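A.B. asks: The following block contains the structure, expressed as structure tokens.
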């Protein structure tokens with residue numbers, strides 16, 4: 001969600017307060033007309049706080065908004081407003097830290113679209129994939145993961161398959177994890 005100063009700037013540029021989700025369609029058209037780029041109505045609704053979605057907007061979406069406001073990219077807009085312009089914030093995030101687990105505990109992880117992983121904790125940030133639905137990860141893979149954070153990408157520092165190290169892997173790149181829980 002955007003900070004209040006950026007919302008105010010958008011409303012000033014749009015020349016109208018944005019009080020209802022339905023107004024996001026007209027805003028999307030105004031943004032496309034001004035920038036030549038498309039920013040979806042649903043994305044705008046999320047960014048303006050009308051609907052729930054990923055906690056963090058994509059950099060490309062933020063850049064389009066910045067261009068609508070007369071800046072070449074979001075970094076320059078944020079710098080102009082002060083370093084705290086939606087770049088950093090404190091919040092409570094549903095998470096599981098590997099350091100808090102005991103070997104043998106199982107984690108269930110979900111993300112879009114309809115992805116599911118069931119992992120057994122082996123200790124020392126290592127996990128064994130017990131079940132994988134819709135993911136490129138496979139049953140039997142060994143993963144190195146420091147923690148799981150709902151709303152953020154799953155960063156795996158190493159994937160081992162059949163005694164071969166495949167390197168690092170990113171999952172849930174679009175919208176982050178939707179759920180994480182200890183199941184036993």
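A.B. asks: Of the residues 44, 81, 137, which exhibits the maximal mean-square fluctuation in a Gaussian network model of the chain defined by a 10 Å Cα contact cut-off?
C.D. replies: Sorting by GNM fluctuation, first place goes to 81.
A.B. asks: Here is a further query. Need the full-extension length gain, residue 157 to residue 38, defined as separation in residues times 0.36 nm minus the C-alpha distance. One decimal, nm.
C.D. replies: So the extension gain works out to 39.4 nm.
A.B. asks: Using 1/(1 + (r/R0)^6) with R0 = 35 angstrom and r between the beta carbons of residue 11 and residue 94, what's the FRET efficiency to the nearest 0.05?
C.D. replies: After rounding to 0.05, the efficiency reads 0.65.
A.B. asks: Right, something else. Take every Cα pair under 8 Å in the chain that's 6+ residues apart, average their separations, divide by the length, and report that relative contact order as a whole percent. All intermediate terms of the calculation are to be shown ahead of the outcome.
C.D. replies: Working: 319 pairs, mean separation 29.2, N = 184.
Rounded, it is 16 percent for the chain.
A.B. asks: First measure r as the distance between the Cβ atoms of residue 130 and residue 51, then evaluate 1/(1 + (r/R0)^6) with R0 = 35 Å and state the FRET efficiency to the nearest 0.05.
C.D. replies: 0.55
A.B. asks: Taking Cα pairs under 8 Å and at least six residues apart, what relative contact order does segment 4-81 come out at, in percent?
C.D. replies: On the way: 58 pairs, mean separation 17.7, N = 78.
Value for segment 4-81: 23 percent.
A.B. asks: Roughly how many Å is it from the Cα centre of segment 124-169 to that of segment 93-122, as a whole number?
C.D. replies: 10
A.B. asks: Further, regarding this structure: Using R₀ = 41 Å, calculate the FRET efficiency as 1/(1 + (r/R₀)^6) where r is the Cβ-Cβ separation of residue 183 and residue 60; round to 0.05.
C.D. replies: About 0.70, to the nearest 0.05.
A.B. asks: With each run of n ≥ 4 DSSP H residues scored as -39500 (n - 2.57), what mean residue ellipticity at 222 nm is computed for the chain after dividing by its residue count and rounding to the nearest 500 deg cm²/dmol?
C.D. replies: Numbers: 5 runs with 49 residues, N = 184.
Calculated from helices alone, the mean residue ellipticity at 222 nm is -8000 deg cm²/dmol.
A.B. asks: Let me ask you something else. On a full-extension model of 0.36 nm per residue, what is the gain between residue 22 and residue 73, subtracting their alpha-carbon distance, rounded to one decimal in nm?
C.D. replies: 15.7 nm is the gain from fully extending residue 22 to residue 73.
FYI, it's all coordinate maths here, none of it is from the lab. Given the structure is predicted, the values throughout are model-derived calculations rather than measurements. We place every Cβ from the backbone using ideal geometry, glycine too, and count neighbours over all the protein chains shown.
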